[in-house]
There are 2 protein chains.
Amino acid sequence: MSNFIRIKFEKLKDFCQQAYMNVGVPEGEAEMIADLLTRSDLRGVETHGVTRLPIYIQRLQKGYVRKEAKITVVKEKGPTAFLEAHGTMGHLAAYRGMEKAIAKAEEFGIGWASVGNSGHFGVAGLFPMMALKKDFIGYVVSNSAPMMFPWGGRERIIGNNPLAYALPAGRYLPVVLDFSLGVVSSGKLILSRKKGEKIPLGWAVDKNGLPTEDPYKGYEGGGALAPIGGHKGYGLVLIHEMLTAVLTGGKWTRNIKSLYEEDKSGIQGTCHSFMALDPECFIGREAFKQNMDRYIKSIKESGKAKNVDEILIPGEPEFKTETKRLQEGIPMAQNTVNELIALGKSLGLTL
Amino acid sequence: MSNFIRIKFEKLKDFCQQAYMNVGVPEGEAEMIADLLTRSDLRGVETHGVTRLPIYIQRLQKGYVRKEAKITVVKEKGPTAFLEAHGTMGHLAAYRGMEKAIAKAEEFGIGWASVGNSGHFGVAGLFPMMALKKDFIGYVVSNSAPMMFPWGGRERIIGNNPLAYALPAGRYLPVVLDFSLGVVSSGKLILSRKKGEKIPLGWAVDKNGLPTEDPYKGYEGGGALAPIGGHKGYGLVLIHEMLTAVLTGGKWTRNIKSLYEEDKSGIQGTCHSFMALDPECFIGREAFKQNMDRYIKSIKESGKAKNVDEILIPGEPEFKTETKRLQEGIPMAQNTVNELIALGKSLGLTL
C-alpha cells in the first residue's frame, strides 16, 4: 500500500468543507456536501468521492453551479412535490429532494419528489439511505450525461441513469442497492486501453454500432457503452429518463454535458426523482424489519458456490468498509492526495 | 407457417372465458382473465398467454386457486393500500391492485397498492397499461417462483421477479417496458438441451454454482439461471422481493412453488406491488405527453447501428404485433391448439 495514504474521515471532510466555503458556499451547505462526498470514500465508492472535489470546485468558480442553493417548489399536491433546483449543486438538490419525499411519507405513507435542473450528485445510494432514520424504504432515480447507445443505435446519447434503494432491517445491516445501468463504466475501458488489453464482447460498441473487443474503439474512439441485460437495460435507461427529465421538463441525452465538459449554457441540468415508503402502511415497521431479517438470513445461509466464503447482500460490502475506514482512516491514492494538495494550495488550505 | 393456425382474438378470448366459467369462475371475472390471457398472445407474448390456460384451469379444479375472487383491504392510509388476495387468481388480484393504485393516484397524485397471497399473473406489462387510460404512469413489481441463484450462491432459490412500466405518449405509442431479471428464461436452456447446443457462459451455473456451457447442468440438472448485470440484477431481484413479499408478509423463495408443482399447502402466494403516478403533479399531463414524443423522437431518429433498420422503443414491437394480429388473427402453434382442444373436450367446449 505504498501508493496509499490513510486520512481520517473527519479530517478529509473538514478539508472538503473548507474548500467549498472558500469558494463561497455557505457553511451549513458546505458541511452537508462535504459529508456526502467524504462518506463516498469512507464506504469505498472512491470514483464518486473526493476525487471529484477539484472539478466540483472548478465548476463553482466558473459559475456553472450556484454557490448558494436555490430550490423552489413548482407544484405540491398531497404526497407529491415538483421541485426546481435552478442549477443548484446536485448533492444539495438531491438532499432536499429526498428530504421532501420523506416528509411526505411521514404524512401520507408514501412520498414522491421530482427535482428538475439539478446536477451531478455523486453516490446515488446516500440519498435513499436518508429514509432509514425513519425506518422507511427510500428510492432514487436520476438521468445522467450520455455514455451508452440505444439498442440498435450507434450514437453515445443515453446516460447510465442510476437507481438506488435503501431498506431498513433489524439485526442485519440495512439493504442498500445502488447501481447504474451500464455493464461497465467508461473508466474500465480507459484502463484496458492503457494496459493494452482487449475487452469482452458485450461491454461496448464502436462508432458504427458494432460490438468491439477494442477498448479504444469502444469509448475514446467514438464508441458507446452497453446496457446491462441488452434491450432490458436499454429499456430501463429510457424509463429512468422519463421518470426524471421528461417528467420535469429538464435536459436529456445530448443536452447534458459531463462534469468535465465546458458548458457555458449554464447548468448541467440532470434531474432526479425520489420516493419514500412507510412499511407501517403494510405489514408494519417492526414486522417489516423482522421479515427483512428472515429474508436476508434465508439468502445468506443458502448454499454457497464453490470457493465462495459468503453470500453478500446489497450494501453489505460498503457498510463493512465504512466500519473499517472509520477506525483505520480512508486509504487515499497518492494521485488523488496530490490533486487535493494542489487544490488546497490554490485556495490557501492545507490537507 | 404450416404448424400454425390463425385464430381471431374474440374467438380465442371467448373460448378462454367459457373455460373459466365452466369450472365455476363468475362471468365478469372470467371475461377479465380471458381478456388478459388472450391479449398476451395478441401482443406476441405467447409464453404467458393461453398456452397456460390448461394449467390455470387444472389449478382451479384442484382447488389450489379460488374460483371466486376474495380480495380484502388490510390497511388503507391516504395514497397507500395493503390488500390481501387470499389465493385469488393472480390475474384478478393484480387487476384489482392496479385499479386501487390508479384510484389513489386520481385522488392524491400518486398511489401505491401492495397485494399479498396472490398467484401467477401472466404478463406483467398489462397491469401498468391500465394507467394509460388516465394518462398516468403505471408500475408493477412482483416476486415469483425460484429459478435463479443468489450471487455467490449455488441454490435455485430466487425468482426472476419481473417489473413493468407503462407511460403515455402523444403521437407515439405508449411506452411499455416489461421484463424479468434473468438473462434468459429456463425455456431457452431446455430448448438448447433438446437441440444439443452449448449455452454461452453467463446464462446459468451448475449445481455447484460454477458457470456452465451445458444447458442440462444449467437448469434441469439442478443448476440455476443468472441475473442480468451480475450482482446488479441479483440485487434488484432481492429488492423486488422486499417490495412485495417482505412488505406484505407473503411467501418468498423456496416457499413459492411453480405453477406446475403440486402444492397442497394451498395457494401459490406470490405478492405484487403497484404504483400509479399522475404527471399532472409535475410538468402536466399534456406537456408530459409532448415531452415523451420529443424524447422518443430523439432516440428513434438517432444514428442506427450497421444493418439495423429501426431503433425500437420498449413496447413498440408488442403494439405492432397487436395491430397485425387483430386483423389477421393470432398464429397459434399446433401443439398449443391441440392442448386447447383437449381441454375444451374435457369441459364440453369446442374451439
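The values are calculated or read from the model by the stated rules, or taken from the named source; none is laboratory data. Owing to the predicted nature of the structure, the values given are computational and were not obtained by experimental measurement. Every residue, glycine as well, gets a Cβ built from its backbone with ideal geometry; the counts of neighbours run over all protein chains shown. Just the protein is used for accessible areas: all its heavy atoms, side chains included, with ligands, DNA and RNA removed. Shrake-Rupley method; radii C 1.70, N 1.55, O 1.52, S 1.80 Å.
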Handout entry: Estimated vicinal HN-Hα couplings, Hz - the range B:233-249 in sequence order (Karplus 6.51, -1.76, 1.60; Gly, Pro = x)
Key = x, 4, x, 5, 4, 5, 4, 5, 6, 5, 6, 10, 5, 5, 6, 10, x
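Can you tally the net charge around B:His120? Count Lys and Arg as +1, Asp and Glu as -1, for every other residue whose Cβ sits under 11 Å from the Cβ of B:His120.
Numbers: positive: B:Arg52, B:Arg59, B:Lys257; negative: none.
So the surrounding residues net to +3.
Do you know the relative contact order of chain B, to the nearest whole percent, from alpha carbon pairs under 8 angstrom that are 6+ apart? Walk me through the intermediate numbers first.
Working: 774 pairs, mean separation 78.0, N = 351.
Taking the mean separation of contacting Cα pairs over the length of chain B, I get 22 percent.
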Practice task
Please give the net charge around A:Gly344, taking every other residue with its beta carbon less than 15 angstrom from that of A:Gly344, where Lys and Arg add +1 and Asp and Glu add -1.
Solution key: +1
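In peptide B:110-117, how many Cβ atoms from other protein chains are near each Cβ within 10 Å, on average?
Average per residue, whole number: 4.
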Handout entry: the range A:183-226, relative contact order in percent, only Cα pairs under 8 angstrom and at least six apart counted
Key = 40
Practice task
State, as an integer percentage, the relative contact order of the range B:185-332 based on alpha-carbon contacts under 8 Å between residues 6 or more apart.
Solution key: 10
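Averaged over B:272-282, how many beta carbons belonging to a partner chain fall within 10 Å of each residue's beta carbon? Provide the component values of the computation, followed by the final result.
On the way: counts 0, 2, 0, 4, 0, 7, 2, 6, 3, 12, 17.
Neighbouring Cβ atoms belonging to other protein chains average 5 per residue here.
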Exercise for the section: Note down the net charge around A:Lys77, summing +1 for each Lys or Arg and -1 for each Asp or Glu among other residues with Cβ under 14 Å from its Cβ. Expected result: -1
Handout entry: B:Lys62 paired with A:Asp293, simple spin-label distance in nm, labels 7 Å along Cα-to-beta-carbon
Key = 3.6
Exercise for the section: Could you tell me which of rounded, prolate or oblate describes chain B, using a ≥ b ≥ c as the square roots of the eigenvalues of the alpha-carbon gyration tensor, with rounded for a/c under 1.5 and, failing that, prolate when a/b is larger than b/c and oblate otherwise? Expected result: rounded
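How much FRET efficiency would the formula 1/(1 + (r/R0)^6) give for B:Glu261 and A:Asn3, where r is the Cβ-Cβ distance and R0 is 41 Å, rounded to 0.05? Don't skip to the answer; put the middle values down first.
On the way: r = 55 Å, r/R0 = 1.35.
For B:Glu261 and A:Asn3, the calculated efficiency is 0.15.
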Practice task
Could you let me know the centre-to-centre spacing of the range B:1-46 and the range A:241-278, using Cα atoms, in angstrom?
Solution key: 43
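Which whole number gives the average, over all residues in A:331-339, of C-beta atoms from other chains lying within 10 Å of the residue C-beta?
Numbers: counts 0, 0, 0, 0, 0, 0, 0, 0, 0.
That average works out to 0.
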Practice task
Any chance you could check the Cα centroid distance between the range A:81-116 and the range B:105-159 for me, in angstrom?
Solution key: 25
Exercise for the section: One decimal, nm, shortest first: give the distances between the label point of B:Thr323 and those of the same position in the other copies, each label point 7 Å from Cα along Cα→Cβ. Expected result: 5.8
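What whole-number value in Å² describes the accessible area per residue of the protein assembly as shown for a 1.4 Å probe?
39
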Fill in the blank from the handout: Row for the range B:177-312, column shape: gyration tensor on C-alpha, a ≥ b ≥ c, rounded if a/c < 1.5 i.e. under 1.5, prolate if a/b over b/c, else oblate; value oblate
Exercise for the section: Give the long-range amide H neighbours of A:Gly202: residues separated by 5 or more places, or on another chain, with amide H under 5 Å away, using H modelled in the peptide plane at 1.01 Å from N. Expected result: A:Thr212
Practice task
State to the nearest 20 debye the size of the charge dipole of the range A:212-306 about its Cα centre, where the only charges are +1 on K and R beta carbons and -1 on D and E beta carbons.
Solution key: 360
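Report, in cubic angstrom per residue, the convex hull volume of the C-alpha atoms of the range B:183-226.
Details: hull volume 2.1 nm³, N = 44.
Taking the convex hull of the Cα positions in the range B:183-226, it is 48 Å³ per residue.
Using the crude model of +1 on Lys and Arg Cβ and -1 on Asp and Glu Cβ, and no other charge, please compute the dipole size for the range A:183-226 relative to its Cα centre, in debye to 20.
Values: 7 positive and 5 negative charges, 27 e Å.
Roughly 120 debye for the range A:183-226.
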Problem - Using a Förster distance of 60 Å, the FRET efficiency for B:Lys133-A:Lys345 (Cβ separation, nearest 0.05) - result: 0.45
Problem - Relative packing of B:324-334, B:192-202, A:183-193, which averages over residues the other C-beta atoms within 10 Å, highest first - result: A:183-193, B:324-334, B:192-202
Exercise for the section: Could you rank the peptides A:245-253, A:259-267, A:33-41, B:254-262 by their average count of other C-beta atoms within 10 Å per residue, with the highest value first? Expected result: A:245-253, A:33-41, B:254-262, A:259-267
Completion exercise
P(r) of the protein assembly as shown over all Cα-Cα pairs, 10 Å bins starting at 0, rounded to whole percent, reads 3, 14, 25, 28, 19, 8, 3, 1, 0
